């Protein structure tokens, strides 16, 4: 009889140009040899916006956010379903942003409308994840490495990136395991900090 694996779902979040894409690859490289099957859920906003579904193409921002939250939750559900069928012991499921990231792009009324649409509350959304790891935007770096060139869905100025980074932190602030990975002059040190924080969550010494 198949025994379902232990599944740990985490979120890698943070402001624009924070290193999330690189982080996802490094997490897989670090934890696969430690016995984890690492699954990566790609960023939903980039997927939608680059395909033509965006806040400025939908009727209202709230209507767009409903699309994004619904797709995010569906993707997570599908990945979890696949993970439960795998003949492995441990699965690390990594979300390139999670549902609460959307909160940073909505006012209170819009957020309430989205919660009503999906039939849950903020605590229910936060409870979907074991840990939230916030990578600070490069726009906060002592030496600015901020760029718009490596993501076609990115449009924020450096000042806007800093403000968004702060809003994203606040959106997840109520989660009990919420770690801030500050921007470093040495990018490798930033990534190593992230990997160590994830190891702590997984109780890997």
Inspect all residues belonging to region 113-128 and state whether any of them is surrounded by 20 or more Cβ atoms within 10 Å (Cβ to Cβ) and either at pLDDT below 95 or assigned to a loop (DSSP other than H, G, I, E, B) (or both). no
What number of residues within region 25-54 are surrounded by 18 or more Cβ atoms within 10 Å (Cβ to Cβ) and under 28 Å from residue 121 (Cα atoms)? 7
Residues of region 1-58 that turn out to be outside any strand (DSSP E or B), under 23 Å from residue 80 (Cβ atoms) and in contact with a strand residue (DSSP E or B) (Cβ under 7 Å, 6 or more places away or on another chain), as a count: 11
Give region 65-95 a look and list any residue that's in contact (Cβ under 8 Å) with a residue 60 or more places away in the chain and either surrounded by fewer than 20 Cβ atoms within 10 Å (Cβ to Cβ) or part of a helix (DSSP H, G or I) (or both), or say none. 76, 80, 83, 84, 85, 86, 87, 88, 89, 90
Boolean, residue 135 is over 30 Å from residue 2 (Cβ atoms), surrounded by 15 or more Cβ atoms within 10 Å (Cβ to Cβ), in contact with a helix residue (DSSP H, G or I) (Cβ under 9 Å, 6 or more places away or on another chain) and touching a residue at least 12 places away in the same chain (Cβ under 8 Å): yes
Exactly one of 115, 26, 40, 71 is farther than 22 Å from residue 190 by Cβ and within 16 Å of the chain's Cα centre (by Cα), and that residue is 71
Within region 169-177, is even one residue part of a helix (DSSP H, G or I), at pLDDT 95 or above and either out of contact with any strand residue (DSSP E or B) (no Cβ under 9 Å at 6 or more places or on another chain) or surrounded by fewer than 17 Cβ atoms within 10 Å (Cβ to Cβ) (or both)? yes
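The values are calculated or read from the model by the stated rules, or taken from the named source; none is laboratory data. Bear in mind the structure is a predicted one, so any value in this text is a computation, not a measurement. Cβ coordinates were reconstructed from backbone atoms using ideal geometry, including for glycine residues, and neighbour counts include every protein chain displayed.
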